[in-house]
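Enquirer: One structure, pasted below without further comment.
What follows draws every value from the coordinates through simple rules; no lab data is involved. All values reported here derive from a predicted model rather than from experimental measurement. Because the Cβ atoms are built from the backbone with ideal geometry, glycine has one as well, and the counts that use them run over all protein chains shown.
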Amino acid sequence: MKFKLFITLTSIYAIILLTPARLQAFEDTLSLGAETGYSFLYLRQPANTLATSGSKSQINLFWGISDCIGVNASVSMAWYFDYAPVITVETIDEEGVATTHLKYGAPVTRIMINDFALSLVYAFDIMRVVPFVSIGILSARVAETRNKNKTADNELGMRLTFGADYTVKKNLTLGAVIERNTHTSKISNYKSQTAILLRATYVWNL
């Protein structure tokens, strides 16, 4: 009985996913979308240390330039919880032997990262579930408060995104993405951000 129920539910799910939606080419389409979700912030030193986590919101504007290729511009804001960074300290004993150990540094508060990104998107629009991947460049402004001193830096970076959309209506899709931002300019001690976001997109045919 349980096996038959499993087969029935699996078949229904497969039919829903494989039922063709409107066979829409991305060429000459314009999409406006919003994303929100959870984000993780990693430090450059010590290597790949998870500093803190927080929330991220993003607005996307997508223009389809061919059946499966498009250009996406986005602006985002990310807020992160306070944290105490782990720093490397070297001490020398009476015999002149150096020892390296880790300790917590001054607390960091009010962390905000705003960025603008321009990405090239490759997507499949064959069925109701539309997977896509994108790669792009970004300009980020990193602001934080450490020991009551506020600092802000402008950085360059790269963005890699994997995601999928589900066609709910003719002009509406819902989806989710995993997004990885890597800071390449090495101005701050932040190495990368990884975000898991839910999204909604409205599509216009030009």
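Enquirer: For Gly64, what charge total do you get from the other residues with a beta carbon under 9 Å from its beta carbon, if Lys and Arg give +1 and Asp and Glu give -1?
Expert: Numbers: positive: none; negative: Glu27, Asp28, Asp67.
Neighbour charge sum, excluding Gly64 itself: -3.
Enquirer: What does the extension gain come out to for Thr194 and Arg180, with contour length at 0.36 nm per residue minus their alpha carbon separation?
Expert: Details: separation 14, 0.36 × 14 = 5.04 nm, distance 0.46 nm.
So the extension gain works out to 4.6 nm.
Enquirer: Related question: Report the net charge of residues surrounding Phe81, where surrounding means a beta-carbon distance below 15 angstrom and charges are Lys +1, Arg +1, Asp -1, Glu -1. It would help to have the intermediate numbers written out before the result.
Expert: Values: positive: Lys56, Arg110, Arg146; negative: Asp82, Glu144.
Counting the neighbours of Phe81, the net charge comes to +1.
Enquirer: Using 1/(1 + (r/R0)^6) with R0 = 41 angstrom and r between the beta carbons of Lys103 and Glu27, what's the FRET efficiency to the nearest 0.05? Provide the component values of the computation, followed by the final result.
Expert: On the way: r = 56 Å, r/R0 = 1.38.
Calculated value: 0.15.
Enquirer: What fraction, in whole percent, of alpha-carbon pairs in region 70-159 exceed 20 Å separation?
Expert: 60 percent
Enquirer: Packing-wise, with mean Cβ within 10 Å as the measure, how do 78-91, 178-191 rank, highest first?
Expert: Those peptides, ordered most packed to least, come out 178-191, 78-91.
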